[in-house]
Structure formats: structure tokens, C-alpha cells
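The structure appears below as C-alpha cells.
The values are calculated or read from the model by the stated rules, or taken from the named source; none is laboratory data. As the structure is a prediction and not an experimental result, all values here were calculated from the model. Cβ sites come from the backbone with ideal geometry, for glycine too, and all protein chains shown count toward neighbours.
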Amino acid sequence: MKRKAIYIIMVSLLAAAAVSCTREIQAPDGEEATLTVTASLDAAMDDGTKASDDGALTNLADQGYQLRYMMELWSENDNVETLEYRAKPVITDFSSLTVEYNLNLLAKKYKMVLWADIVDIDGNAAYDVSNGLTAIGFPKGSAFGSDEYDAFTAVADVDLTGGSKVIGATLKRPFAKIRVIDDRINQAPAQHYSTHLEFPSTVPIPKTYNALTGGITYSDTENYNTYTCQSVFETDRLCLFTGYIFVPETGVDQQSNKYSFTIVVGDKEKVQVSDVTVRRNALTTVKGKIL
């Protein structure tokens, strides 16, 4: 069976300290206003559940990785969206999950889009943002087998017609997480298990993502129906599988998807699971006697 990757990202929250970046632009003739934006990462999943028990953002910091923040401001005239401003990327280390933008702008209405991802010690990133935040390129094959593929995003309306504004924005993952736990095993097993999820039909892999609208294009040639994951013992339970699936967002509501799949450990079918709901930035756990 052809195996392609879904998204594997393990992350945990590292306490934030203040990091700021100030950037100004020259506004056209007319009334100006100041926009101050504090952008922060929400490194926890919904309900305060950390993405994993064993680190991730902390581990990346130890390896010399950094965070890259980006911002764009758009306006809409006659149903045409126009890019008004693109901030230079802000690079910071993991001593903070927060950055600040201070901008002098023409006093009008904007749509703000924010994006944050990981860069390695050489400044390389998994995502291609050279075409801006409305056409973010995903890695070829989308083999998210490392923490460095984590990413966060947020969109907000900004109205400066009444004067200067100070706003805060929390960036969250556009991913859903699935975990498979065998809670019958309460001590570290003598062996590791290789587990994958088999989907009844292939699931398309994203090619580009529009962080402003939530729109997405998919690869015509790449898809996945399995992904293999090595088991990890977590304190008093055995995690057989952990993986991320990209979940597009529609309108103001978080979109959820339902999946059915078979849990396969080694080469033996173990459990069939039907209509599991996954939601962006939320954790779905399948738990029980599996081995």
C-alpha cells in the first residue's frame, strides 16, 4: 500500500518573555493612525492540553531553532482585496512566544493576517512564504515527521477610522491532532511498536494555503492513506500513534472533519474506528485496549 505522510508535529509550551520589533511605513497624504499589535502563540491545544508530553518547542529551542512571525494588512474595495502592507519577517528565539508590531498607517479599515512558523539554525523554513500569506507553499510530500513543521495563524479586522488602536492576536494551529493510546499498558514495554492508520480512501495533501481567507489548493498527484509512527511510552500509558491533519477553516467557525480508519500495529489489523471528529487546534484521542 502506498504510504504518504500526514502531519506529525510535537509541541509544548515554553514560558514567554517580552520580545518586540518596531517597523514604520510612510503613509500616503491623509490622516494617519498608529496600530500596535501584540502577536502571541497559543502553543497549547484546546482545553489546555499540551500537544505532547515530551517537549517539542522546548526541544527545538535546544537545537538552535527559532520562530518566524509574519504580518500582512489587506483592504477591500469593490469586492477586490488589495495588499496594503507586508511586514518584514520577525525572527526570535524561544525565550518568547510573543512579538509586537508598531505601524503608522492611513486611517482606514484593514484585514490583518498573521503567520508564525519554525526556521532552522541556517534560517531555512518548511513553508514557502515568498508569494505572501495568501499563497503559503507546503513542503513537497508534506512529510511532517519533525517538530520543525509546526505553524500558527490568525486573522483579525482592524478599523483605524476612529484613530489609533492597540490590539492583541493569538495565533493557533490550522491542524487537528489524533492520538491513539493503549491505556491498559501502565509500564514501559520491552519493545517499540510501529503503528499506522489506514484510511478507506486517500486523503489529499495541501499544496498552498491562503491564511487570509482559509482557502486551500491540493496536490493533484500526492495523497496519503497511511502514516507510520513509532510508539512512545508516556508516564503511565502507551501512545501508539500521534499525528496532525490540516483542517481548513470556513468563515468564523472552526471547521471539523470526520474520518474513519483502521489502527494497524506492525502488520496486524487491531481496531476499526468510525466517524472520528477532528477539529483544528484540538486534540482527539482514541483510547482503549488495542494491543
Pairing a residue in the range 142-162 that is closer than 24 Å to Lys109 by Cα with any residue that is at pLDDT below 90 and of a type in the set (Ser, Thr, Tyr), where Cβ atoms lie under 9 Å and the two sit 6 or more apart in sequence or on different chains, gives Thr153/Tyr209; Val155/Thr213
Residue set Leu105, Leu197; condition closer than 30 Å to Asp275 by Cβ, outside any helix (DSSP H, G or I), among the hydrophobic types (A, V, I, L, M, F, W, C) and over 17 Å from the mean Cα position of the chain (by Cα); output residue Leu197
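Checking the structure you have, find out if any residue of the range 112-124 is aromatic (Phe, Trp, Tyr), assigned to a strand (DSSP E or B) and at pLDDT 95 or above.
In the first step, residues of the range 112-124 are kept if they are aromatic (Phe, Trp, Tyr); the result is 115.
Within this subset, residues satisfying the condition of being assigned to a strand (DSSP E or B) are 115.
Within this subset, residues satisfying the condition of being at pLDDT 95 or above are 115.
Looking through the range 112-124, at least one residue is aromatic (Phe, Trp, Tyr), assigned to a strand (DSSP E or B) and at pLDDT 95 or above.
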Those residues of the range 268-286 which are modelled with pLDDT of 80 or more and exposed (fewer than 14 other Cβ atoms within 10 Å of the Cβ) amount to Lys268, Gln272, Ser274, Asp275, Thr277
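Inside the range 173-212, can you point out the residues that are charged (D, E, K, R) and surrounded by fewer than 22 Cβ atoms within 10 Å (Cβ to Cβ)?
Taking the range 173-212 as the starting set, the residues that turn out to be charged (D, E, K, R) are 173, 177, 179, 182-184, 198, 207.
Those that are charged (D, E, K, R) and surrounded by fewer than 22 Cβ atoms within 10 Å (Cβ to Cβ): Arg179, Asp183, Arg184, Glu198, Lys207.
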When Ile185 is run through (1) in contact with an Asp or Glu (Cβ under 6 Å, 6 or more places away or on another chain); (2) more than 29 Å from Leu106 (Cα to Cα), the failure sits at (1)
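In the range 252-291, how many are part of a strand (DSSP E or B), among the basic types (Lys, Arg) and closer than 22 Å to Leu238 by Cα? Write out each step before concluding.
Step one: filter the range 252-291 for residues part of a strand (DSSP E or B), giving 253, 256-265, 268-279, 283-288.
Narrowing the set further to residues that are among the basic types (Lys, Arg) leaves 258, 268, 270, 279, 287.
Filter again for closer than 22 Å to Leu238 by Cα, leaving 268, 270, 287.
Count: 3.
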Flagged in the range 68-107 as modelled with pLDDT under 90, buried (at least 16 other Cβ atoms within 10 Å of the Cβ) and among the aliphatic types (A, V, I, L, M), in numbering order, are Leu97
**OP:** Considering every residue within the range 129-141, establish whether at least one is of a type in the set (S, T, N, Q), part of a strand (DSSP E or B) and touching a strand residue (DSSP E or B) at 6+ places or on another chain (Cβ under 8 Å).
**Re:** no
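Select from the range 167-181 the residues that are among the basic types (Lys, Arg) and part of a strand (DSSP E or B) and write down the one among them that is nearest to Ile245 (Cα to Cα). Spell out how you get there, then give the answer.
Going residue by residue through the range 167-181, those that are among the basic types (Lys, Arg) are 172-173, 177, 179.
Still in the list and also part of a strand (DSSP E or B): 172, 177, 179.
Details: Lys172: 14, Lys177: 6, Arg179: 11 Å.
Per the stated criteria, the residue is Lys177.
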Of the residues in the range 33-67, those that are β-branched (Val, Ile, Thr) and either at pLDDT below 90 or in a helix (DSSP H, G or I) (or both) come to Thr49, Thr58
